[in-house]
1. In the stretch 95-131, which residue that is among the β-branched types (Val, Ile, Thr) and either outside any strand (DSSP E or B) or touching a residue at least 60 places away in the same chain (Cβ under 8 Å) (or both) is nearest to Leu60 (Cα to Cα)?
2. Kindly list the number of the only condition in (1) assigned to a loop (DSSP other than H, G, I, E, B); (2) touching a helix residue (DSSP H, G or I) at 6+ places or on another chain (Cβ under 6 Å) that fails for Met225.
3. Is it the case, given these coordinates, that Ile117 is among the aliphatic types (A, V, I, L, M) and under 19 Å from the mean Cα position of the chain (by Cα)?
4. Go through the stretch 137-201 and tell me which strands (runs of 3 or more DSSP E), entirely inside it, have 3 or more residues that are at pLDDT 95 or above, more than 25 Å from Leu29 (Cβ to Cβ) and among the aromatic types (Phe, Trp, Tyr).
5. Condition check: surrounded by fewer than 13 Cβ atoms within 10 Å (Cβ to Cβ), of a type outside the set (Ser, Thr, Tyr) and touching a residue at least 12 places away in the same chain (Cβ under 8 Å). Does Glu92 satisfy that?
6. So, Thr37, is that one modelled with pLDDT under 95 and of a type outside the set (D, E, K, R) or not?
7. For the stretch 164-178, give me the residue count where each residue is over 17 Å from Asp230 (Cα atoms), in contact with a strand residue (DSSP E or B) (Cβ under 6 Å, 6 or more places away or on another chain) and among the polar types (S, T, N, Q).
8. Residue under question is Tyr269, and the condition is that it be of a type in the set (Phe, Trp, Tyr), surrounded by 15 or more Cβ atoms within 10 Å (Cβ to Cβ) and in a strand (DSSP E or B); does it hold?
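The values are calculated or read from the model by the stated rules, or taken from the named source; none is laboratory data. What you see is a predicted model; the values in this text were computed from it and never measured. Neighbour counts run over all protein chains shown; Cβ positions are idealised from the backbone, glycine included.
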Amino acid sequence: MKTTYLFPFALCLFLLSCGKEIEHKTCVLQSSVETITGGDQNEVSGQYSSTYIFDSDNKLTQIREEVVGEGASAGTLITTTYSYDSEGRIAEATTSSTNHSQPSTKTFLYNSLGQVIERRITIMTDGTETEVSRTEYEYAAPQELKSSRLFLSGELFETHEYTYTDGLMTGVRVTYGPTQNSEQLKPYQIEISYDNKRYPYAALPALLATRLDFGFPHQHNIVGMKANYDDGSVKSFHTYSVAFTYSPEGYPVSSNQSYPRNNYVERNYSYTYACE
């Protein structure tokens, strides 16, 4: 009889130990490659290799993106450098390029809850700072956006209104400012779907400040977006599907993003991580 009772007890211990072995590790993104293909021959039209640089405290300090391939921009290095405030939040992100384009700086303003309420993009021209754009954010909950408003040259250009389901952003309504009368700038609605895996930047929460739009707060990965104008017609640029492959830890290691209405265009990504 004792043996009868010992077996389920031993099985329980075995299952517990197995659970520890497959426990999810934390993985920090180290590098990524984006390849854009297009045309009837599926030719590569752009490829970008990014490396993520950390300080001794494992805080992200730079992203270095190199244009690779054979095009005119090949060899161009684009460097984004991050600075942090006393709370460990990204205060500024400055981007410069070896192709001599003007450096730009993103500046983030936070409220008392640690939420970004404003992002400004500026450039320096002959020692004078010029504002390129300003985006204002409102929240419906600590990790849910209510709306964002993009201003260009001081005028309202675009407004996004967000819908959430069980903590995931599932809808975005896009409208334009009263002075934007172009026929190309018609209101539209986006539907977003997700996988149940881990986001590549999950171990870098400070970077959420730089990703305050589609998918925020990025609990999982977007596997599809569908965009329609009010008359029901499809907005092609924001209609696509994404197929992922994943690491044993549940992070994407590769993805293929395709646009069904423009099936000659694809974006392919690969990712590498350091896990602990």
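1. Checking each candidate, the answer is Val116.
2. It is condition (1) that Met225 fails.
3. Answer is yes for this residue.
4. 155-165
5. no
6. yes
7. Residues in the stretch 164-178 being over 17 Å from Asp230 (Cα atoms), in contact with a strand residue (DSSP E or B) (Cβ under 6 Å, 6 or more places away or on another chain) and among the polar types (S, T, N, Q): 1 in total.
8. yes
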